[in-house]
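A quick write-up on the structure given underneath.
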Amino acid sequence: MALDGEEEPLTGSARAAKPADRWPWVFVGVMLGLAAALIFTHGGSAAGMLGAPQETTCGGFPSTDPGHVVQPRDGRVTNVLVTGGAGFIASHFALMLVDSGGFNVTVVDDLSRGSIHTILRLQELAKAAGQPLHFAQLDVARQFEMAALLRERAVELVVHFSGNAYVGESMVRPEDYFQNITVSTVALLRAMGSAGVSKLIFSSSCATFGSPTQFPITEQTPQRPTNPYGAAKLQAEQAIIAYVKARKREGVAFSAALLRYFNVVGADPRGRIGPHLRHEANKLYPRIVDAAYDVVLGLRPELRVMGSSYPTKDGSAARDYIHVTDLVDAHVKLMAALRGNSLLYYNVGNGMPYTVLEIIKVVERVTGRPLPFTLSQERPGDPPALYSDPAKIKAEIGWEPRYADIEAAAREARRSREALKHYDPAHPSPSVDPLEHSGPAFTEDSDDAPKLGDNPRIAIIGAGPTGLCAAYRLTELGYTNWELVEASEKASGLACTIRDENRFSWDIGARCREWLYHQRYSPARMRDTWVGYPVQANLWRLPRDEEWLHAGFGEALTQSFMAPYNSKVWAHPPHEMNSIWVGERVATIRFEDILSNVIQRKDAPAWGPNAQFRYPMNGTGHIWEKIFSELPKENTRLNARVAAVPFDGLLSTMPLPLLLRSLPDEPHLAPMADGDNGAADHSRFKHQTCNVFGVGIEGDQIPEALNGVHWVYFPEDEYIFYRVTVLSNFSPQMVAKPFQQWSLLIEVSESKHHPVPRSRAKLRALVKEGLVKSGMLPEGAKVVAMWDKRLEYGYPVPYVERNMHVHEADRALRSLGIWSRGRFGSWKYEVGNQDHSCFLGIDAVDSMLFGGSAAGREATFNVPNKVNVQYRKYDFDFDPAALARDAGRQHTFGKPPRRLQRLPQWDWVAHRCKEHDVWTDAVRKVMVALPRPTKWLIHSYEGCGAAEIKRPMPEMLREGLNHLDRIPFDSALPQIAAWLRHIAAHYAKLPPVVVFVPPNVPAASPLLAADGLSGALVAAKDFGAWGRHPTDMPRSMRDDFCAKLWPLVQQGRRSHRPCPERVVGMGPTATAAYYASAQTVRAVPLTVWQALLAAVSDKSTGAATATMLSYSMHIFFGEKAMLKPGLVHSHQS
């Protein structure tokens, strides 16, 4: 919150728009507000605090003048934190520190009322002066985050300006004032105590004095506030006084100074910053001199003076006015006076009262123009007069105002206004919190870009995933009026797979007909050990002397992994980053799970984003080369060098700043790219440069630590790289000699914040040195390939102002019919993967032709967090003409639509312990031998901990090739529980055929033969079984069966038939298998399957229930109580 000074009784008390709640302590603020109702009354005289007799003291200070004591000003501080730094007074204070030099300034503001442009201007001025200035967007009431910031910045002194500052508003919403003044100050004191910060200057107010009866106001005048604003400031003062005294009794140094401001005028005399106010309250409750100049400049029609019958010389309220430069100078002088447990308190004013009507006359004299005004009733809470005696501050710290004369101050205010050409408080410029742009760039309702006409000519620049998918979408629609141009000789863009001279393959975009299915294992290398992913779930592997839990889990994890790793990845300081990308990329975990793993010294299984993923046999680049080969040749050009491309709609996938500078007919776009990101493109759009290295090693003796590993994170500075990918573990085809070589892909980030050696040879040497040191590359290993590539555009950085910049550019470009999309076209890391990039192209085409799609208005670009948690189904029945008609367009589709083929899918569901995986080879042979291409997955529910260990490379690649997904499972549960768990978990998305496999299928079983299962499906497509002949359920089980399971049969089959006398089924054999169609499974309600799972999982009765179910499982698959022998197939050939 930004403190913007006292306001005079000038404008009406219209209610300002209520800000959103920012902190869950509002209840505390309300309670403080209720208590404070006893401090003040509307009329002026008031009872004391909490019903005490009328005050004879000044809020904790003596009521008699103790005399002036000259304060030595020989103290020295360097690291200063300023709260409310985006506001008027605090920003001028920060600027004075910058001008003074020698200070390390940290500015804190939550931007609820302050302006981000003020912060940006301060940063610009500090940079020009060569002085450090750091900004943190934070609510001061967030005690623990403030404490962490104070420690991080090694703060020595806090100057606390933040808080709302409008008397009129405080009468309407008192709870807000007790919250963001009193409660926030208490939270700040706690944070300072926790961080060991011992000096505080507090921005208080003359409003704490209420309506005094004697003038001038001295430091001994009783404080009897008449409004919630003054009461909240007084409570904050009392909290600080009590805190100083408590620390003194403990023998702990803590000193504070309290400054009661009078009315502030003017701005920086050099016109560098000023009152750049965007909040509604700033327009409703302005400072009088600024409001007067608004009238002079035609920004307000007139002044409205509140109150004309006060007991003053002309009936208007009288106030003491001080120039903002003089006010902040008092703060700077006080910084050197704080020491030990000193408690200083001063009134800061000029000591001369002027009425509102007198100020109007002063401005009229300075400007030579009359100021129209109207008189109205006084505003509740406003005292008639407030003016000070500044003798104490002058005598004790040697402060003297430079602008003591009101006319001189008014002239200076006028010069400041003339220098600040952008200032318009009646219509504030759009100086908004950049995080307000964290939402969509546009929606269906807010999209004001002109629609393309019918049959637009569409041009696509770039044949990476975005451009290729856009072209494919146009092709499948049968639309022909388009062209794709690519500068290089090969399609795929950053998603390419490069084969070097040694026939090793290197994927640049490795995050993304032979697919391998992998279960991710990607540990971090920390403290000379391997910590599984996610790190926060496997803390037990770190040294015990790093007291993670005792030191505070969040802070310790942040300092040891999160902060250093992200600093290395992004090559930018964390404070420049926005958290908007985290949801898709960072796994979350319950604290109790972390604690359990620490206590049991147990690794968490692989999970979180990308816990399972698919990988193409020949590398990711082959996906895009295949897509390019499917496009009509007459619409595509490679090796294209074009100076101009005709278009109605243009999809550009080039980096956004390059595009903004590549449109000579639109010169106003180029300045949108201007900035100082420290990179070669000299733009405002921040990115990291990625240096990629490939190392190929001879032999099959991969280090044990890398068996089963996909990639490794390196947060520590001793390694120059941040991630190493064991690329040969993704596919055997990534090396020249499969299973006889292995390979590593290394990533090194680079930016102005994270420079690396310019020499490629030196950089290679550092990479190799780090690989050896970490154990990734054994000493003496035979390196047969060393490849590297520098990617100027590696990752777009999700910096704080990113969406503000990107959305501004997008609005301007789309007004011209230009869509900038792709990893660096959209500049959104959270939708920068290959699948995201593909959909960015598809969405852009649908936006051009149809104004959007069923998923929304360019959902991938506009709502990344939404699309990242959704599965977008493919519409196999789309009708291009109907889509155009529904959008009110009349496009011509020159070719018939080319829809994707519906491929069937089978699920194989197994329960295993430590059985060998050779049976999965047989499953693969069955699937690839089917006459029609069919997708498949093997879901193996692994007891005995088999799913929680990593595999040697050959076994890992076998898993990938056979599409084997290992799932941890409780070994104490019966086999049938695994099948039921799968049904319950995947009920809504089961594929057409589900095969339930036991642990011990005979290797020669026709079930695992090329035509065995497919032949059975021809005979009976909905259900079949494999094993021995059906057998009767023992009579001894019938009563329990009828009591426990038959009611579920009745519920599932929606039948009222009585329990049968005889049940014949497969029984508890170790080799019984079933197949069932998804339609058959879903004929039984999910609640029934869940009830069955609960029954067989019961520790006391589950085993008996599982045995009964083994005889009756076929009934739940739609068969009669006595299973027909013709539906049972033998394992014998």
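The values are calculated or read from the model by the stated rules, or taken from the named source; none is laboratory data. Predicted, not measured: the structure shown is a model, and the values here were computed from it. As a convention, Cβ positions derive from the backbone with ideal geometry for all residues, glycine included, and neighbour counts pool all protein chains shown.
Some notes on this structure:
- In the stretch 930-954, of all residues being at pLDDT below 75 and in contact with a strand residue (DSSP E or B) (Cβ under 8 Å, 6 or more places away or on another chain), the one that is farthest from W908 (Cα to Cα) corresponds to M953.
- Residues considered: W819, W787. Of these, the only one that is under 17 Å from T443 (Cβ atoms), outside any loop (DSSP other than H, G, I, E, B) and among the aromatic types (F, W, Y) is W819.
- All positions within the stretch 862-886 that are assigned to a loop (DSSP other than H, G, I, E, B), of a type in the set (A, V, I, L, M, F, W, C) and closer than 23 Å to R821 by Cβ: V863, V869, F878
- Which numbered condition R814 misses (of (1) modelled with pLDDT of 95 or more; (2) closer than 30 Å to E625 by Cβ): (2)
- Note on the stretch 102-138: residues that are within 13 Å of L188 (Cα to Cα) and surrounded by fewer than 22 Cβ atoms within 10 Å (Cβ to Cβ) amount to 1.
- Any hit, the stretch 366-378, residues being β-branched (V, I, T), at pLDDT below 85 and either assigned by TED's automatic domain parsing to the domain that holds H92 or surrounded by fewer than 19 Cβ atoms within 10 Å (Cβ to Cβ) (or both): yes
- Yes/no for S204 being over 23 Å from A148 (Cβ atoms) and over 33 Å from the mean Cα position of the chain (by Cα): yes
- Single unsatisfied condition, F878 versus (1) of a type in the set (A, V, I, L, M, F, W, C); (2) surrounded by 13 or more Cβ atoms within 10 Å (Cβ to Cβ); (3) not assigned by TED's automatic domain parsing to the domain that holds T475: (3)
- Evaluated against (1) assigned to a loop (DSSP other than H, G, I, E, B); (2) hydrophobic (A, V, I, L, M, F, W, C); (3) surrounded by fewer than 13 Cβ atoms within 10 Å (Cβ to Cβ), F893 falls short on exactly one condition, (3).
- Remark: pairs (first residue in the stretch 1059-1070, not assigned by TED's automatic domain parsing to the domain that holds H1114 and assigned to a loop (DSSP other than H, G, I, E, B); second residue of a type in the set (S, T, N, Q) and surrounded by fewer than 17 Cβ atoms within 10 Å (Cβ to Cβ); Cβ separation under 7 Å; 6+ apart in sequence or on different chains) are absent.
- Scanning the stretch 1103-1119 for residues that are farther than 17 Å from T1031 by Cβ and either touching a His at 6+ places or on another chain (Cβ under 6 Å) or crowded, with 19+ Cβ neighbours inside 10 Å (or both) gives T1105, F1116, F1117.
- Checking every residue in the stretch 234-245 against the condition of being closer than 18 Å to V140 by Cβ and assigned to a strand (DSSP E or B) gives zero matches.
- Scanning the stretch 1022-1039 for residues that are over 12 Å from S1110 (Cβ atoms) and either assigned to a helix (DSSP H, G or I) or within 57 Å of the chain's Cα centre (by Cα) (or both) turns up D1022, F1023, G1024, W1026, R1028, R1035, S1036, R1038, D1039.
- Residues that are among the β-branched types (V, I, T) and within 46 Å of the chain's Cα centre (by Cα) within the stretch 1089-1115 comprise just one, V1096.
- Applying the criterion of being out of contact with any helix residue (DSSP H, G or I) (no Cβ under 6 Å at 6 or more places or on another chain) and in a loop (DSSP other than H, G, I, E, B) to the residues of the stretch 139-162, the residue that is surrounded by the most Cβ atoms within 10 Å (Cβ to Cβ) is S162.
- Per the listing S837, S826, S853, the residue uniquely surrounded by fewer than 23 Cβ atoms within 10 Å (Cβ to Cβ) and polar (S, T, N, Q) is S853.
- The stretch 658-716, subset farther than 30 Å from L777 by Cβ, among the charged types (D, E, K, R) and surrounded by fewer than 16 Cβ atoms within 10 Å (Cβ to Cβ), residue farthest from the chain's Cα centre (by Cα): D665
- If the condition is being charged (D, E, K, R) and within 19 Å of P974 (Cα to Cα), then the stretch 903-932 contributes R912, K914, E915.
- Taking residues in the stretch 449-466 that are closer than 12 Å to G841 by Cβ and modelled with pLDDT under 95, and partners anywhere that are surrounded by fewer than 24 Cβ atoms within 10 Å (Cβ to Cβ) and among the basic types (K, R), the pairs with Cβ atoms closer than 9 Å and at least 6 places apart or on different chains are A463/K490.
- Which listed residue, of F178, F215, F202, is more than 20 Å from H160 (Cα to Cα) and either assigned by TED's automatic domain parsing to the domain that holds A148 or not in a strand (DSSP E or B) (or both): F215
- Between V909, V928, V923, the distinction of being out of contact with any helix residue (DSSP H, G or I) (no Cβ under 9 Å at 6 or more places or on another chain), closer than 30 Å to V995 by Cα, among the β-branched types (V, I, T) and surrounded by 12 or more Cβ atoms within 10 Å (Cβ to Cβ) belongs to V928 only.
- Flag if R1054 is surrounded by fewer than 18 Cβ atoms within 10 Å (Cβ to Cβ) and on the phi > 0 side of the Ramachandran plot: yes
- Scanning the stretch 981-999 for any residue that is surrounded by 18 or more Cβ atoms within 10 Å (Cβ to Cβ), of a type in the set (V, I, T), in contact with a helix residue (DSSP H, G or I) (Cβ under 8 Å, 6 or more places away or on another chain) and assigned to a helix (DSSP H, G or I) turns up at least one such residue.
- Applying the criterion of being small (G, A, S) and on the phi < 0 side of the Ramachandran plot to the residues of the stretch 1058-1072, the residue that is modelled with the lowest pLDDT is A1070.
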